[in-house]
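Reviewing the structure listed below.
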Amino acid sequence: VAAVLHAAVERNRRLFEGDADFESTMREVHRAHEVTGFSRALAWALLEGTNLDELLDDPEHGSLFVGRESTPTGPLKAPKRGSDVVDIRVLFAVATLLVMGWDLFEPYLLRVSGLEGVDDATLQQHLYRVNDAILALGRGR
């Protein structure tokens with residue numbers, strides 16, 4: 001399991017080092033996670049009690065995503081909402097939760113939301129739109 005997760009982290013690192021905008025990169029990460037079963041492997045390992053340090057032994061893992069000062073489409077800044085500051089790391093975590101949660105619970109989510117008859121391409125388009133909106137909050141759009 002650790003080898004699968006390490007390979008995914010390296011692939012994601014290459015994606016984030018590319019020239020694509022942040023939202024497009026997140027879409028590529030999502031597509032790759034679907035193909036490799038990353039979310040399921042990670043969930044299984046965590047539910048089995050695997051130490052997270054063993055799975056993510058790279059101390060730079062977190063900075064792969066949230067340590068970037070900017071993206072090709074502009075800086076990642078936390079916008080102010082009144083006196084509260086929305087941290088880009090929280091937005092990134094929520095966007096990741098959407099992607100990974102959908103991967104894990106898709107059959108259940110389709111059933112309870114009445115979306116079972118909607119084709120995959122349409123669902124993906126809507127998921128990307130919601131994910132983009134979440135990430136756009138980090139740019140103050």
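Once you order the gyration tensor axes a ≥ b ≥ c over the Cα atoms, which shape class does the range 2-54 get: rounded for a/c under 1.5, otherwise prolate or oblate by comparing a/b with b/c?
Working: a/c = 2.76, a/b = 2.02, b/c = 1.37.
Prolate, because a/c is 1.5 or more and a/b exceeds b/c.
For the pair ALA3 and PHE105, how long in nm is the line joining their label points, each one 7 Å along Cα→Cβ?
Output for this residue pair reads 3.2 nm.
Just so you know, all these numbers are worked out from the coordinates, no wet-lab data involved. Keep in mind that this is a model prediction, so the values were computed, not measured. Cβ: placed from backbone, ideal geometry, glycine included. Neighbour counts: every protein chain shown.
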